Amino acid sequence: TACPRMLDWAVNQRTGVRKARCAWANMINIPDDQMRNPLSRTFAILAAIAGALLLHMPPIAAQPAAPRRLVYPFVPGGPGDAIARIVAERLQAALGEPFFVENRAGASGRIGVQVVINAAGDGKTLLIVPIAPICVLPHVYPALGYDPFKDLAPVSQLATFDFSLAVGAQVRVSSLRGLIEWVRQDAARAVYASPVPGALPHFFGAMFSAAADLKLRHVSYRGAAAATTDVVAGAVPILVNTSGEVIELHKNGKVRILATSGKARSSTTAEISTFTEAGYAISGDSWFALYARAATPKPTVDRVNAIVVAGLQEPGIKQRITSFGGVPTGTSPERLAQIQAADFAKWGPVIKASGFKPEN
């Protein structure tokens with residue numbers, strides 16, 4: 001706009017050529033004596049045109065920040081995925097940035113863990129994980145591919161879940177003592193199911209088997225649905241799973257919970273005794289926790305921790321977690337590290353005694 005008019009003026013007004021030439025020279029800081037050179041004049045004109053065009057160009061829009069992600073190393077659905085989405089909502093609201101859940105299933109959770117430890121240590125990629133990839137798999141796989149104590153930074157425990165031992169409706173017993181007597185009458189009854197081989201329900205069943213001197217045999221399944229279906233149908237008499245996965249079946253009369261694994265009775269199953277109350281000094285629980293890559297700066301870890309812990313105290317979030325059998329916790333990073341170390345030491349001997357060997 002302005003440049004073409006100035007050029008027309010310079011070309012058509014011979015008496016003003018020198019003035020125009022000086023104006024161009026001053027704009028790009030070229031001495032007047034050099035402007036007598038044709039090449040210098042051409043360069044000056046082109047440079048001025050370019051400058052004018054740049055001045056009239058619209059500003060380049062700022063690129064949006066890359067979305068943050070919570071990696072959950074299992075398929076969508078179930079309590080863990082629900083907790084991951086609750087945490088993602090809370091972090092997005094607090095940070096004002098997109099935050100989404102990425103389900104990276106496979107290899108019993110190992111794939112998702114690897115995604116996080118290979119990400120940048122900037123706190124934009126976090127891991128929500130159950131206890132197994134942290135405290136169980138290191139005892140199972142000699143070449144795990146990661147060290148949960150060195151490669152991950154604890155942020156906060158999120159919730160705990162008791163285990164339940166249940167029997168199908170066809171099994172006419174109402175207590176652990178009754179179950180033990182019933183199993184001892186026929187060795188074919190000494191069988192229990194759990195959702196996944198090598199997970200904590202599997203090993204808690206092994207712990208109960210040793211405590212009761214029953215020599216129960218474990219039947220492997222590829223998910224809670226298949227294991228539950230066989231127990232409800234009477235193909236397998238006993239089921240060990242997290243309480244949240246069993247409560248509705250218990251309420252509907254399809255299975256009967258005989259004991260829960262907590263040190264105290266759960267508020268969701270307050271009428272059911274614990275294993276300790278029934279005379280067996282065993283307890284244990286599953287949990288979900290939030291981790292970052294080990295290289296994440298401590299101030300970033302602390303900021304995320306503060307947001308998550310505050311969120312877990314909100315009545316609405318508490319209600320959502322308790323609705324599927326969980327107990328909201330919310331801990332400091334240091335407390336999670338202590339829990340991790342204690343459970344790692346606790347389950348190691350149980351896993352070894354079970355003789356479990358993974359298929360891959």
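The values are calculated or read from the model by the stated rules, or taken from the named source; none is laboratory data. What you are looking at is a predicted structure, and each value in this text was computed from that prediction instead of being measured. Counting neighbours? That spans all protein chains shown, and the Cβs are built from the backbone with ideal geometry, glycine included.
Against the criterion of being within 18 Å of residue 147 (Cα to Cα), in contact with a Leu (Cβ under 9 Å, 6 or more places away or on another chain) and either part of a strand (DSSP E or B) or not basic (Lys, Arg) (or both), residue 292 qualifies.
Would a scan of the stretch 307-328 turn up a residue that is farther than 27 Å from residue 269 by Cα and either hydrophobic (A, V, I, L, M, F, W, C) or touching a helix residue (DSSP H, G or I) at 6+ places or on another chain (Cβ under 7 Å) (or both)? Yes, the conditions are met somewhere in the stretch 307-328.
When 210, 206, 227, 233 are screened for being touching a Pro at 6+ places or on another chain (Cβ under 8 Å), touching a residue at least 12 places away in the same chain (Cβ under 8 Å) and of a type in the set (A, V, I, L, M), only 227 passes. Just to be sure, is residue 329 buried (at least 18 other Cβ atoms within 10 Å of the Cβ), over 18 Å from the mean Cα position of the chain (by Cα) and hydroxyl-bearing (Ser, Thr, Tyr)? No; evaluated as a whole, the condition is false for this residue. So in the stretch 191-205, with the set limited to residues that are aliphatic (A, V, I, L, M) and at pLDDT 95 or above, which one is nearest to residue 250 (Cα to Cα)? Restricting to residues being aliphatic (A, V, I, L, M) and at pLDDT 95 or above, the top hit is 193. Return yes or no: is residue 197 part of a strand (DSSP E or B) and either exposed (fewer than 14 other Cβ atoms within 10 Å of the Cβ) or touching a residue at least 12 places away in the same chain (Cβ under 8 Å) (or both)? Spelling it out, it is not the case that residue 197 is part of a strand (DSSP E or B) and either exposed (fewer than 14 other Cβ atoms within 10 Å of the Cβ) or touching a residue at least 12 places away in the same chain (Cβ under 8 Å) (or both). Just a yes or no: is a residue in the stretch 159-180 in a helix (DSSP H, G or I) and among the basic types (Lys, Arg)? Yes - at least one qualifying residue is present in the stretch 159-180. Looking at 277, 248, 271, can you tell me which residue is without any contact (Cβ under 8 Å) to a residue 60 or more places away in the chain, in a loop (DSSP other than H, G, I, E, B), acidic (Asp, Glu) and more than 30 Å from residue 338 (Cα to Cα)? 271 is the lone residue from the list that is without any contact (Cβ under 8 Å) to a residue 60 or more places away in the chain, in a loop (DSSP other than H, G, I, E, B), acidic (Asp, Glu) and more than 30 Å from residue 338 (Cα to Cα). Residue 192 meets all of the listed conditions (1) over 26 Å from the mean Cα position of the chain (by Cα); (2) surrounded by fewer than 21 Cβ atoms within 10 Å (Cβ to Cβ) but one, namely (2). Quick check: is even one residue across the stretch 219-227 closer than 28 Å to residue 86 by Cα and touching a His at 6+ places or on another chain (Cβ under 7 Å)? Among the residues of the stretch 219-227, not one is closer than 28 Å to residue 86 by Cα and touching a His at 6+ places or on another chain (Cβ under 7 Å), which makes the answer no.
Out of all the residues in the stretch 100-115, is one or more touching a Ser or Thr at 6+ places or on another chain (Cβ under 9 Å), at negative phi and without any contact (Cβ under 8 Å) to a residue 40 or more places away in the chain? Checked against the condition, which is being touching a Ser or Thr at 6+ places or on another chain (Cβ under 9 Å), at negative phi and without any contact (Cβ under 8 Å) to a residue 40 or more places away in the chain, the stretch 100-115 yields at least one hit. Take the conditions in a loop (DSSP other than H, G, I, E, B), of a type outside the set (Phe, Trp, Tyr) and surrounded by fewer than 21 Cβ atoms within 10 Å (Cβ to Cβ) and apply them to residue 232. Does it pass? No. Looking only at the stretch 332-359, count how many residues are surrounded by 14 or more Cβ atoms within 10 Å (Cβ to Cβ), outside any helix (DSSP H, G or I) and either at pLDDT below 95 or over 22 Å from the mean Cα position of the chain (by Cα) (or both). Going through the stretch 332-359 one residue at a time, the tally reaches 1.
Only one residue in 265, 320 is surrounded by 14 or more Cβ atoms within 10 Å (Cβ to Cβ), of a type outside the set (Phe, Trp, Tyr), over 23 Å from the mean Cα position of the chain (by Cα) and modelled with pLDDT under 95, so which one is that? That would be 265, the only listed residue that is surrounded by 14 or more Cβ atoms within 10 Å (Cβ to Cβ), of a type outside the set (Phe, Trp, Tyr), over 23 Å from the mean Cα position of the chain (by Cα) and modelled with pLDDT under 95.
Within the stretch 276-297, can you find the residues that are touching a Ser or Thr at 6+ places or on another chain (Cβ under 6 Å), farther than 15 Å from residue 322 by Cα and crowded, with 23+ Cβ neighbours inside 10 Å? 290 - this is the single residue of the stretch 276-297 that is touching a Ser or Thr at 6+ places or on another chain (Cβ under 6 Å), farther than 15 Å from residue 322 by Cα and crowded, with 23+ Cβ neighbours inside 10 Å. Applying the selection to the stretch 113-139, what residues are of a type outside the set (A, V, I, L, M), within 17 Å of residue 67 (Cβ to Cβ) and not in a loop (DSSP other than H, G, I, E, B)? 125, the sole residue that qualifies. Scan the stretch 87-98 for residues that are surrounded by fewer than 21 Cβ atoms within 10 Å (Cβ to Cβ) and either free of Cβ contacts under 8 Å to residues at least 40 places away in the same chain or under 21 Å from residue 324 (Cα atoms) (or both) and the total you get is 7.
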